[in-house]
Amino acid sequence: MFSISTLGDVVRIPPSLFGTTLKKAALNILKEKYESMINSELGYIIMILDAKVEEMGKMVAGDGGTFHKVEFDALTFYPKLQEIVQGEIVDITDFGAFVRIGPTDALLHLSQVMDDYLKSDVKSGMILANQSGRTLKVGSTLRARITAVSLGKAATMGKIGITCRQPFLGANEWITEEIKKTSGDSSEPEKSAKEAKAEAS
């Protein structure tokens, strides 16, 4: 789930940035420090959006820089268990596919694709279903449910597992087929007791 989080920190403005505005200098430092970081509480920190910097800073003996308190907004993405996500397949492997969801990739294991015998063809970048004939390939878009999340306290890479083995999940065209079947079944009105009796006689 994407969200905007407000955080606080203290930034050191080095003498080399004294010529730029305080806000611009602070934003550059915050972006370098936080963007692409993974935090166990916030998830993936994607982008620093804005910052409010205290103009009155502090100096430390022997340090030419100034230290300023700063409050800033960050765009974050935290994958939550059971959340439904939309993604695109970016890689096919022997054991499944990697699906790009937000700023990261989630693993869709072969066992979590569908109830069918599946074959992974890494060379052609495709997963083939034996009975249904359905396929998944690099570039396919799909809907899935998050089943596992492991970010860790100081992780450089998170681990996310997803599944498509539930109704109305999977490739977009599969979902469209399911909706048509469902609406087709429900579109036929049920016969009343009188009509059924009349037909029987």
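FYI, it's all coordinate maths here, none of it is from the lab. This one's a predicted model, so the numbers in the text were calculated from it and none came from an experiment. Heads up, the Cβs are rebuilt from the backbone with ideal geometry, glycines too, and the neighbour counts pull from every protein chain shown.
Could you run through region 79-116 and say how many residues are part of a loop (DSSP other than H, G, I, E, B), at negative phi and surrounded by fewer than 20 Cβ atoms within 10 Å (Cβ to Cβ)?
Final tally of qualifying residues: 8.
Which condition number in (1) assigned to a loop (DSSP other than H, G, I, E, B); (2) touching a Leu at 6+ places or on another chain (Cβ under 8 Å) is the one that Gly64 fails?
The one condition Gly64 does not meet is (2).
Taking the conditions exactly as written (over 30 Å from Ile162 (Cβ atoms) and among the basic types (Lys, Arg)), does Lys58 satisfy them or not?
Working: over 30 Å from Ile162 (Cβ atoms): yes; among the basic types (Lys, Arg): yes.
Spelling it out, Lys58 is indeed over 30 Å from Ile162 (Cβ atoms) and among the basic types (Lys, Arg).
Please find, among Val122, Val113, the residue that is within 20 Å of Thr147 (Cα to Cα) and among the β-branched types (Val, Ile, Thr).
On the way: Val122 fails: within 20 Å of Thr147 (Cα to Cα).
Only one candidate passes the filter, namely Val113.
If you check Lys80, Lys69, which single one turns out to be touching a residue at least 60 places away in the same chain (Cβ under 8 Å), under 30 Å from Lys137 (Cα atoms) and of a type in the set (Lys, Arg)?
On the way: Lys69 fails: under 30 Å from Lys137 (Cα atoms).
Going through Lys80, Lys69 in turn, just one is touching a residue at least 60 places away in the same chain (Cβ under 8 Å), under 30 Å from Lys137 (Cα atoms) and of a type in the set (Lys, Arg): Lys80.
If Phe95 passes every condition in (1) in contact with a strand residue (DSSP E or B) (Cβ under 7 Å, 6 or more places away or on another chain); (2) more than 30 Å from Ile175 (Cα to Cα) but one, which one does it miss?
Exception for Phe95: condition (2).
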